């Protein structure tokens with residue numbers, strides 16, 4: 001077909017039906033058989049099921065791994081308590097400050113209160129009042145003292161220490177002058 005000296009090619013696909021035009025390859029006009037459609041559907045369904053199964057297995061594996069890790073940590077901590085070899089796994093960090101001026105109190109002494117069970121752990125604050133005490137995670141009291149200030153006692157640790165035996169707690173401590 002020619003328009004204005006240009007040759008125009010007929011489209012290979014009919015606009016109305018979306019199927020190849022007559023005269024092209026006869027195999028292209030043949031609709032897919034029921035078996036071919038069913039086989040394609042089964043393949044897609046199988047791939048979806050394999051993907052779901054893989055995700056479910058991965059999730060289950062992760063949950064079981066976490067459960068074993070968690071219970072192992074709790075058993076190790078409990079065994080160390082029974083064997084009277086407690087392990088300090090609780091990290092208490094903070095700053096010791098004056099209750100009146102809110103300025104840091106340098107070189108304050110932070111230690112486990114003697115009213116608790118041994119062993120007792122101890123540390124000193126630095127020149128800016130910052131400290132880090134590695135102690136037992138079970139609930140107990142810590143005593144903070146510095147020259148020229150009243151001794152203060154705070155509660156640290158957590159009740160569920162057997163299930164989560166490690167942790168970190170932040171406490172800013174205010175000491176009142178004598």
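Bear in mind these aren't lab numbers, they're just calculated from the coordinates by the rules spelled out. Because the structure is predicted, anything quoted here is derived from the model rather than measured. Because the Cβ atoms are built from the backbone with ideal geometry, glycine has one as well, and the counts that use them run over all protein chains shown.
Quick one: order 47, 92 by neighbouring beta-carbon count within 10 Å, fewest to most.
Working: 47 10, 92 23.
Least crowded to most crowded, the residues run 47, 92.
To make sure I understand, if each residue's beta carbon is the centre and we count other beta carbons within 10 Å, what order do 110, 75 fall in, fewest to most? Walk me through the numbers on the way to the answer.
On the way: 110 25, 75 12.
So the residues, fewest neighbours to most, are 75, 110.
What list of whole percents do you get for P(r) of region 90-175, with Cα-Cα distances grouped in 10 Å bins up to the one holding the largest distance? With 10 Å bins starting at 0, P(r) equals 19, 52, 24, 5, 0. Measuring nothing but how far apart in sequence close Cα pairs (under 8 Å, 6+ apart) lie, relative to its length, region 90-175 scores a relative contact order of 38 percent.
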